[in-house]
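In what follows, a structure is listed as structure tokens, so that the remarks can point back to it.
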Amino acid sequence: MARSPNESRVGHHVSIVDHCMVVRLDRPDAANALDVETCASMSCTFDQFAEDPDLHVAVVTGAGERHFCAGLDLRTMQPGQRVVLPPTGFAGLTSRLIHKPVIAAVNGTALGGGFELALACDIIIADPDACFGLPEPRVGQAALAGGLIRLSLSIGKHRAMDIILSGRTITGKEGSEMGFVSRLSAPGAALEKALDVAQDIAAAAPLAIQASKAVALTHERAQHLLAIQEKPPKAVEVMLDSKDAQEGAAAFLAKRTPHWQGR
């Protein structure tokens, strides 16, 4: 397959390092929050990664030193508007059953969809001061890109619920102690550390790595995530159609405190 080793695409940048594809989110003015067009473009990028036999591992990171990804760019949405993402999900990855390893190099804030993107990866390498959170309920929404399930599977119900229901943020160091952060990097060196891990993985037989991943995920993530996408709970539909959902988006855009009505 013809491919460029260094290419800017919609909302992100792609480079090839040996057998590793590095996908760098490139919307620094929006804290690397993604719009729908970027998600669609990234879906094509991960299609390329999945199909190219010379690419064994992918690393996802954020441009700049402060932000990995701040989730969905609400500035591009109208209050009450439903988001229509590609079938592969947020960032073209969260609803994809990809057979090759993907590593998140979290170099800063990973909030909402950004945290869900990291959780959709197989390994999370984080700066000790990286910031993780699922603050969607504070704007009348819920994290529906797989993060609610993946976080619970990763660290257990009670720790996950503490993060999910409070909307609080935690550092990379705390994430490492909880168990969803695989390894901590030196400050400012998340990508460098992730590339080291990627090269270790790429040194192994690629089909053996893919088989190992497939077996490891058989009983958990794939089945649960597909089921929730096909038939979400009624509470999700109620939330999406609510006045509070419209109010949350409007308050966020106006930078004011939302007034919840519970309907």
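What do you reckon, is Ala143 modelled with pLDDT of 95 or more and either touching a strand residue (DSSP E or B) at 6+ places or on another chain (Cβ under 7 Å) or buried (at least 21 other Cβ atoms within 10 Å of the Cβ) (or both)? Criteria not met by Ala143. Among the residues of the range 180-203, those identified as assigned to a loop (DSSP other than H, G, I, E, B) and farther than 19 Å from Ile16 by Cβ are Phe180, Val181, Ser182, Ser185, Ala186, Pro187, Gly188, Ala189. Check whether at least one residue in the range 104-114 is under 21 Å from Ala211 (Cα atoms) and either crowded, with 23+ Cβ neighbours inside 10 Å or in contact (Cβ under 8 Å) with a residue 40 or more places away in the chain (or both), and report yes or no. So far as the range 104-114 goes, yes, one or more of its residues are under 21 Å from Ala211 (Cα atoms) and either crowded, with 23+ Cβ neighbours inside 10 Å or in contact (Cβ under 8 Å) with a residue 40 or more places away in the chain (or both). Entry remark, the range 162-177: residues being in a helix (DSSP H, G or I), free of Cβ contacts under 8 Å to residues at least 40 places away in the same chain, under 18 Å from Gly114 (Cα atoms) and out of contact with any Phe, Trp or Tyr (no Cβ under 9 Å at 6 or more places or on another chain) number 3 in total. Candidates are the residues of the range 204-233 that are modelled with pLDDT of 70 or more and assigned to a loop (DSSP other than H, G, I, E, B); the one that is nearest to Ala145 (Cα to Cα) is Thr218. Can you tell me how many residues in the range 19-56 are aromatic (Phe, Trp, Tyr) and touching an Asp or Glu at 6+ places or on another chain (Cβ under 6 Å)? The qualifying residues number 0. Flag: Ala91 matches the condition of being closer than 24 Å to Asp29 by Cα, in a helix (DSSP H, G or I), in contact with a helix residue (DSSP H, G or I) (Cβ under 8 Å, 6 or more places away or on another chain) and small (Gly, Ala, Ser).
For Pro187, which of the numbered conditions (1) out of contact with any helix residue (DSSP H, G or I) (no Cβ under 8 Å at 6 or more places or on another chain); (2) under 17 Å from Gly113 (Cα atoms); (3) surrounded by fewer than 20 Cβ atoms within 10 Å (Cβ to Cβ) fails to hold? With respect to (1) out of contact with any helix residue (DSSP H, G or I) (no Cβ under 8 Å at 6 or more places or on another chain); (2) under 17 Å from Gly113 (Cα atoms); (3) surrounded by fewer than 20 Cβ atoms within 10 Å (Cβ to Cβ), Pro187 is out only on (2). With a cut-off of at least 2 residues that are at negative phi and surrounded by 16 or more Cβ atoms within 10 Å (Cβ to Cβ), name the strands (runs of 3 or more DSSP E) lying wholly within the range 1-62. Qualifying strands (runs of 3 or more DSSP E): 12-17, 20-25, 57-62.
The values are calculated or read from the model by the stated rules, or taken from the named source; none is laboratory data. Because the structure is a prediction, the values reported are computed rather than measured. Cβ sites come from the backbone with ideal geometry, for glycine too, and all protein chains shown count toward neighbours.
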